[in-house]
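For reference, the structure discussed in these notes is given below.
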Amino acid sequence: MHTDEYILKVEDIHKAFGANEVLRGVSFEVKKGETLVFIGSSGTGKSTLLRCINQLTPPDRGRVWLHGEEVTNSGKRINYFRQRIGMVFQNFFLFDHLTALKNVEVALIRVKGMSKEAAREKALAELRQVGMEDWAGHYPAELSGGQAQRVSIARALAMDPDVILFDEPTSALDPELTREVLEVMRTLAQQGMTMLVVTHEMGFACNVANRILFMENGVIAEQGAPTILLTDPQYSRVKNFIGQFLEYNGD
Amino acid sequence: MDQIVFFTDILLPALQKGLIITLQLILLAAPFGFVLGVGVAVGRQYGGPVTRVLCKVLVYFVKGCPLLLLLFILYFGLPSIGIVFSAFTASVIGFILCNGAYNSEYIRGAMLSVKDGQMIAAQALGMTRLQAVRTIVLPQAIRRALPGLSNEWIYLIKYSSLAYMITVIELSGSGKLVATKYFTYTETFVAVGVVYLFLVTLTTLAVNAIEKKYAVPGMIRG
Amino acid sequence: MELIPLLLDWFPYLLRGIGVTFGLVLSSLALGVIIGLPMALGQVYGSRLVRVPIGIYVWFFRGLPILVLLFLFYFGIFPGLGFDLSAFVVGAVVLGLRGAAYQSQIFRGAIQSVGEGQMVAARSLGMDRLCAVRSIILPQSMRIALPGWSNEYPNILTDSAVCYAIGVAELLTRASQIVAQTYVTMPIYLAAAGIFILMNYGGMKVLHMIERKIAIPGFGSGAM
């Protein structure tokens with residue numbers, strides 16, 4: 001079907017905080033199963049862009065469509081769209097008073113109205129998918145950062161979203177914990193999950209992304225498949241940016 | 001008169017009767033005081049401008065004005081504008097208002113200490129604000145407020161004695177009547193005090209057990 | 001309507017209650033420090049023989065309703081010991097004894113929150129325990145205790161109204177007397193409530209000002 005070709009369409013998003021124009025007209029489209037990675041220096045609006053997509057930060061201008069339905073200006077229906085658009089945060093934001101299992105269950109029961117039994121089964125399955133089934137009974141404070149982030153991915157997955165937004169999912173993690181989270185994300189990408197990822201992990205960007213979008217000054221400065229960005233001399237700026245990170249990371 | 005006979009035949013039966021009234025006052029006021037506390041805290045935090053102001057005025061008035069004066073207003077004052085409560089009802093209302101106002105301060109403080117990310121994550125999952133407040137923010141806030149709330153329960157036990165000042169013959173009142181009649185002030189009020197100490201200590205132990213039961217690793221008390 | 005002149009007639013009588021109420025509050029705060037601070041030191045640094053009786057005192061005075069304490073001392077203990085004290089003195093003393101129980105716990109917490117390093121450093125300079133407590137620990141802990149201690153003010157103020165029960169001529173007692181004389185209820189009670197509320201929040205403002213005056217940089221009031 002023609003309208004279903006793109007799962008998500010983002011059109012001309014603008015956002016300013018006071019005098020600070022963070023986003024100055026960002027547009028792109030996402031096909032089912034694609035993984036888009038957003039890179040760029042800090043403060044170029046990458047995280048704000050993700051929050052504009054699910055309206056946690058309402059944009060000043062511009063529109064977002066999910067499956068041809070408008071997400072922006074959707075009033076109370078925004079909660080329906082937020083179920084369909086998962087989000088994983090830099091600082092996990094696991095619910096501190098709930099065990100790993102209950103963190104995954106709570107929205108299934110309260111938002112989707114699933115029965116407790118069905119929610120439990122589903123939550124356990126998602127925890128298994130991210131390798132956290134054995135930790136189901138533990139509270140967030142008892143988990144390492146990497147484990148907490150995997151639980152938060154399971155929480156997003158459990159809603160069966162059409163797309164998941166990853167907002168710097170490994171930036172708060174030590175390097176050795178970063179890997180376990182990136183592994184889970186790579187597997188998800190391979191299984192055909194549609195993902196938008198803001199990250200500084202260039203190895204992940206180059207190996208997993210279908211497309212890299214390089215942001216600068218609130219706009220998408222350049223974009224393309226990793227192989228093209230890294231080889232085509234026309235994109236030397238992106239290549240330099242990526243190279244600088246690869247050096248720091250030592251790989 | 002024989003001391004033992006006085007204790008067993010006069011004082012204890014009187015205190016027992018009074019204790020029943022005291023327990024009724026407390027057990028009626030505590031749950032409503034809790035609900036009012038949650039309501040006022042949520043109203044001040046998430047309500048519209050009018051709700052916010054109303055809740056704030058209630059808290060400031062009740063905290064600023066002596067509870068005894070509040071009871072006088074409810075029992076002696078309101079009839080002059082046509083609202084008549086029994087002494088017992090007026091006491092319970094006064095205790096609910098007082099307990100609720102103080103509870104709301106603890107709960108509101110605890111809600112403010114719940115990190116923003118909790119609300120953001122809940123909304124990202126598609127919860128409405130109300131759902132997020134109910135399932136994520138409040139359960140965390142109430143846990144954190146529990147030490148404060150338990151203090152207020154203990155105050156409620158002690159301040160329930162003020163009901164006697166508006167003619168409810170509860171524990172202190174029955175003690176006073178016996179003491180005046182038999183001229184046994186020290187013995188009687190020590191006995192009354194022991195009953196309060198027992199209630200307070202019992203409540204402290206119960207609250208500690210509740211806190212332990214609902215404790216969550218990593219969530220700091222208070 | 002003759003309500004307004006009537007109220008104006010009685011208003012000075014009501015206002016004189018402010019002085020009485022203040023007297024109760026101030027003597028209670030003062031007694032609270034005079035008795036409560038040594039109790040706190042006893043609880044932190046004292047032997048078992050000192051700690052246990054103080055613990056019982058605190059438990060007793062915090063566990064009993066103020067009304068019962070007033071009755072016990074006014075009708076029972078003081079007359080039984082042969083003291084013939086006025087209702088005001090009994091009210092002030094009982095509020096003070098009870099205040100000491102509460103305030104000792106504020107001081108105790110503050111003393112315990114001063115880092116152990118301070119004591120070690122003081123002792124390393126050759127100070128004995130008492131000297132270290134007096135010149136190093138107490139100056140710090142008093143500043144830490146101040147916000148908590150200020151918060152006792154509204155509690156004691158509202159509790160002072162219970163002295164109505166033994167006939168101290170403070171604000172609430174006077175308000176009730178006026179009500180009994182005039183049969184005007186709500187305006188009188190609300191006026192009394194207004195005065196209490198003003199005294200409450202006004203007093204807190206003053207106390208906060210003092211707190212800010214004696215604050216030391218890096219010495220957060222958040223320590224309590």
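The values are calculated or read from the model by the stated rules, or taken from the named source; none is laboratory data. Keep in mind it's a predicted model, so treat the numbers as computed, not measured. Ideal geometry is used to build each Cβ from the backbone, glycine not excepted, and the neighbour counts take in all protein chains shown.
What pairs come up if the first residue lies in segment C:56-73 and is at the interface with chain B (Cβ under 8 Å from one of its Cβ atoms) and touching a residue at least 60 places away in the same chain (Cβ under 8 Å), the second is surrounded by 23 or more Cβ atoms within 10 Å (Cβ to Cβ) and of a type in the set (Ser, Thr, Tyr), and their beta carbons are under 6 Å apart, counting only those six or more places apart or on different chains?
C:LEU67/B:SER161; C:LEU67/B:SER172
Just to be sure I understand, how many residues within segment B:161-173 are more than 13 Å from C:ASP159 (Cα to Cα) and at the interface with another protein chain (Cβ under 8 Å from one of its Cβ atoms)?
So the count comes out to 3.
Checking C:ARG143 against (1) surrounded by 14 or more Cβ atoms within 10 Å (Cβ to Cβ); (2) over 23 Å from the mean Cα position of the chain (by Cα), which test does it fail?
Of (1) surrounded by 14 or more Cβ atoms within 10 Å (Cβ to Cβ); (2) over 23 Å from the mean Cα position of the chain (by Cα), only one is false for C:ARG143: (2).
Count, please, the residues in segment A:12-58 that happen to be in contact (Cβ under 8 Å) with a residue 24 or more places away in the chain, out of contact with any helix residue (DSSP H, G or I) (no Cβ under 7 Å at 6 or more places or on another chain) and not in a strand (DSSP E or B).
Qualifying residue count for the region: 14.
For segment A:167-178, name all the residues that are closer than 30 Å to A:GLU69 by Cβ and within 12 Å of chain B (Cβ to nearest Cβ).
A:ASP167 - this is the single residue of segment A:167-178 that is closer than 30 Å to A:GLU69 by Cβ and within 12 Å of chain B (Cβ to nearest Cβ).
Which of the residues spanning segment A:104-121 are within 19 Å of B:ALA124 (Cα to Cα) and assigned to a helix (DSSP H, G or I)?
Within segment A:104-121, A:VAL104, A:GLU105, A:VAL106, A:ALA107, A:LEU108, A:ILE109, A:ARG110, A:ALA119 meet the criteria.
Looking at (1) assigned to a helix (DSSP H, G or I); (2) within 20 Å of A:LYS46 (Cα to Cα); (3) out of contact with any strand residue (DSSP E or B) (no Cβ under 8 Å at 6 or more places or on another chain); (4) modelled with pLDDT of 90 or more, which one does A:GLU183 not meet, given that it meets all the others?
Going through the list (1) assigned to a helix (DSSP H, G or I); (2) within 20 Å of A:LYS46 (Cα to Cα); (3) out of contact with any strand residue (DSSP E or B) (no Cβ under 8 Å at 6 or more places or on another chain); (4) modelled with pLDDT of 90 or more, A:GLU183 breaks only (2).
Given (1) among the polar types (S, T, N, Q); (2) crowded, with 17+ Cβ neighbours inside 10 Å; (3) outside any helix (DSSP H, G or I), where does A:ASN73 come up short, assuming only one miss?
Every listed condition holds for A:ASN73 apart from (2).
Which numbered condition trips up A:TYR80, out of (1) crowded, with 18+ Cβ neighbours inside 10 Å; (2) within 8 Å of another protein chain (Cβ to nearest Cβ)?
So A:TYR80 meets the others, but not (1).
Are there any pairs with C-beta distances below 6 angstrom linking a residue in segment B:56-77 that is under 9 Å from B:GLY94 (Cα atoms) and at the interface with chain C (Cβ under 7 Å from one of its Cβ atoms) to a residue that is surrounded by fewer than 23 Cβ atoms within 10 Å (Cβ to Cβ) and among the small types (Gly, Ala, Ser), with the two at least 6 apart or on different chains, and if so which?
No pair meets every condition.
Which residues, counting only those in segment B:192-215, are among the hydrophobic types (A, V, I, L, M, F, W, C) and at the interface with chain C (Cβ under 10 Å from one of its Cβ atoms)?
B:VAL192, B:VAL194, B:VAL195, B:LEU197, B:PHE198, B:LEU199, B:VAL200 - these are the residues of segment B:192-215 that are among the hydrophobic types (A, V, I, L, M, F, W, C) and at the interface with chain C (Cβ under 10 Å from one of its Cβ atoms).
Give the residue, chosen from A:ARG155, A:ARG110, A:ARG150, that is buried (at least 22 other Cβ atoms within 10 Å of the Cβ), within 25 Å of B:VAL133 (Cβ to Cβ) and in contact with a helix residue (DSSP H, G or I) (Cβ under 6 Å, 6 or more places away or on another chain).
On the way: A:ARG110 fails: buried (at least 22 other Cβ atoms within 10 Å of the Cβ); A:ARG150 fails: within 25 Å of B:VAL133 (Cβ to Cβ).
Matching residue, one of A:ARG155, A:ARG110, A:ARG150: A:ARG155.
Give segment A:128-142 a look and list any residue that's within 25 Å of B:THR128 (Cα to Cα) and surrounded by 23 or more Cβ atoms within 10 Å (Cβ to Cβ), or say none.
Residue satisfying the conditions is A:PRO140 alone.
Quick one: in segment A:183-221, which of the residues that are surrounded by fewer than 20 Cβ atoms within 10 Å (Cβ to Cβ) and of a type in the set (D, E, K, R) is farthest from A:VAL163 (Cα to Cα)?
Restricting to residues being surrounded by fewer than 20 Cβ atoms within 10 Å (Cβ to Cβ) and of a type in the set (D, E, K, R), the top hit is A:GLU216.
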